[in-house]
Amino acid sequence: MRDERRLFTQQTDQLLTVLNRQRHDWLNHVQVLLGYLHLNRTEQGEAHLKRIAELAMQESMIARLNSSLLSVFFLTFNALNKEMLLEVEVCNEVDLMRVALSEQQLFQLMSEILCTVNDHVDPNSYEPASMQLSLVADACGVHFRFDLAGKLCASGLEELEKLIRKSEQSTVEVTEWIHTEEEWILDLRIPFA
């Protein structure tokens, strides 16, 4: 019973962290809009409202990936991790239940890649690291394209190479992989079952 309470307390703390981060972000948007209104800059205010609507639409598409594990992971990543900013873009309708990997296998692969990058980004970079992750469904499967803006430590490059090589032993296909100290891009295609 004591372990269950500790787990519940830990999950509650994480949920509060996520909610506080979301509230903070929304208050920032409101303050920007109030600033534009105060300065009579309606065009900039309207453009900012459009950006907010686009963000909300992306969050909605992430929530509808048909994988609660990955949806929650993607939507809470930035609130729970400070080393790297994750931007997820769902480019078209994606149903992750159709891919050849189970939900758990897919979650493990994606979370291991992102957490490994997060743990090995160079903390001494001028700009904080950010990862653009794009999901695109085509006739054969779903592409996961990772594009890192930031520098990885050598140990991270090695760990990621092992992870990618291991994933290639399953149905995952590496369609593009650029992995230098200056640039890290990875495109994985996971076929439909």
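The values are calculated or read from the model by the stated rules, or taken from the named source; none is laboratory data. All of these numbers come straight from a predicted model, not from anything done at the bench. Cβ sites come from the backbone with ideal geometry, for glycine too, and all protein chains shown count toward neighbours. To get the accessible areas, we keep the full protein, side chains included, count just its heavy atoms, and leave off ligands, DNA and RNA. Shrake-Rupley method; radii C 1.70, N 1.55, O 1.52, S 1.80 Å.
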*Just the ratio, please: alpha-carbon radius of gyration of region 117-193 over 2.2 N^0.38 Å, N its number of residues.*
1.16
*Provide the per-residue ³J(HN,Hα) series for region 118-130, in order, calculated from phi with Karplus coefficients 6.51, -1.76, 1.60 and θ = phi - 60°, each as a whole number of Hz, with x at glycine and proline positions.*
4, 6, 10, 6, 5, x, 9, 5, 4, 9, x, 6, 9
*With all protein chains modelled, accessible area of TRP177 [1.4 Å, Å²]*: 50 Å²
*So, by mean Cβ neighbours within 10 angstrom, what's the order for 137-145, 33-41 with the highest one leading?*
137-145, 33-41
*asked:* Around LYS162, under 13 Å between beta carbons, what's the net of Lys plus Arg minus Asp minus Glu among the other residues?
replied: -3
*Collect residues whose amide H, placed 1.01 Å from N in the peptide plane, falls under 5 Å from the amide H of LEU152; neighbours closer than 5 in sequence don't count.*
ASP122
*Report, largest value first, the span of the C-alpha coordinates of region 28-90 along each principal axis, in whole Å.*
43, 25, 14
_Given N residues in region 149-193, what is its alpha carbon radius of gyration divided by 2.2 N^0.38 Å?_
1.23
_Overall dimensions of region 39-193 as given by Cα atoms, namely Rg and Dmax in Å_ = 16.5, 58
*Which whole-number percent is the relative contact order of the chain (Cα, under 8 Å, 6+ apart)?*
17 percent
*Among SER111, ALA149, LEU101 - extreme Cα towards positive end, dipole of region 42-171, charges at beta-carbon*: LEU101
*asked:* Can you tally the net charge around ASP119? Count Lys and Arg as +1, Asp and Glu as -1, for every other residue whose Cβ sits under 9 Å from the Cβ of ASP119.
replied: -2
*Could you go through region 45-62 in sequence order and give the Karplus-derived ³J(HN,Hα) for each residue, using 6.51 cos²θ - 1.76 cosθ + 1.60 with θ = phi - 60°, rounded to whole Hz, and x for Gly and Pro?*
x, 5, 4, 5, 4, 5, 4, 4, 5, 5, 4, 5, 5, 4, 4, 5, 5, 5
*Give the cross-link partners of LYS151 among the lysines, using a straight C-alpha distance below 25 Å as the criterion and excluding same-chain residues fewer than 8 apart.*
LYS82, LYS162, LYS166
_Contact order normalised by length for region 101-193, with contacts defined as Cα pairs under 8 Å and 6 or more residues apart; what percent is it?_
30 percent
*From the square roots a ≥ b ≥ c of the eigenvalues of the alpha-carbon gyration tensor of region 1-109, which class results: rounded (a/c under 1.5), prolate (a/b over b/c), or oblate?*
oblate
*In debye to the nearest 20, how big a dipole does region 1-144 give about its Cα centre with +1 on each Lys and Arg Cβ and -1 on each Asp and Glu Cβ?*
500 debye
